[in-house]
Amino acid sequence: MTTEERKALVRRVFEQALNQGKLELVNDLFSPTFTDHSTPEQAPGQAGVREYFAQVRTGFPDIQVSIDTLLAEGEMVAVRTTWRGTHRGTYEGVAATGKPVERTLIQIFRLQNGKLVEEWNEGSGLLDSL
């Protein structure tokens with residue numbers, strides 16, 4: 001994959017799979033052995049990603065993640081994002097508050113064979129801004 005192809009893959013994660021809720025894309029974008037090192041409670045693999053995206057979209061059905069910075073070098077892609085949504089459903093055990101939330105996040109992904117295989121992230125949780 002070229003650098004631009006790696007960046008395009010990460011864009012699809014946010015713009016299509018998460019923002020638009022096209023969870024069927026998870027199998028195309030993530031390795032079956034995907035590991036999120038920053039979220040040990042997330043189940044490994046594609047099922048864990050689908051479950052996490054579904055939970056976010058349940059808690060924040062209007063979630064929109066904008067990509068603020070996107071860098072790639074070798075098999076690594078780093079992205080700084082801003083997440084905005086309204087807490088309209090239960091998320092992480094917290095009932096809907098109807099309040100808007102906003103958070104920023106920095107994620108580093110490692111790609112292999114055209115799929116995301118690992119992730120590390122730094123930032124606050126969606127409920128931290130309530």
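Per the listing Glu73, Glu102, the residue uniquely over 12 Å from Arg6 (Cβ atoms) and of a type in the set (D, E, K, R) is Glu102. Residue pairs whose Cβ atoms lie under 9 Å apart, separated by 6 or more positions or on different chains, with the first residue in the stretch 22-51 and on the phi > 0 side of the Ramachandran plot and the second surrounded by 14 or more Cβ atoms within 10 Å (Cβ to Cβ), are Gly45/Phe30; Gly45/Ser31; Gly45/Phe34; Gly45/Thr35. Quick one: in the stretch 105-130, of everything that is touching a residue at least 60 places away in the same chain (Cβ under 8 Å) and loosely packed, with under 13 Cβ neighbours inside 10 Å, which residue is farthest from Leu70 (Cα to Cα)? Among those residues, the one meeting the criterion is Asn113. Against the test of being of a type in the set (Asp, Glu) and within 21 Å of Gln46 (Cβ to Cβ), the options Glu102, Glu122, Glu118 yield a single qualifying residue, Glu118.
Values in this text are rule-based calculations from the coordinates and carry no lab data. Note that the coordinates shown come from a computational prediction; the quantities given were computed from them, not determined experimentally. Counting neighbours? That spans all protein chains shown, and the Cβs are built from the backbone with ideal geometry, glycine included.
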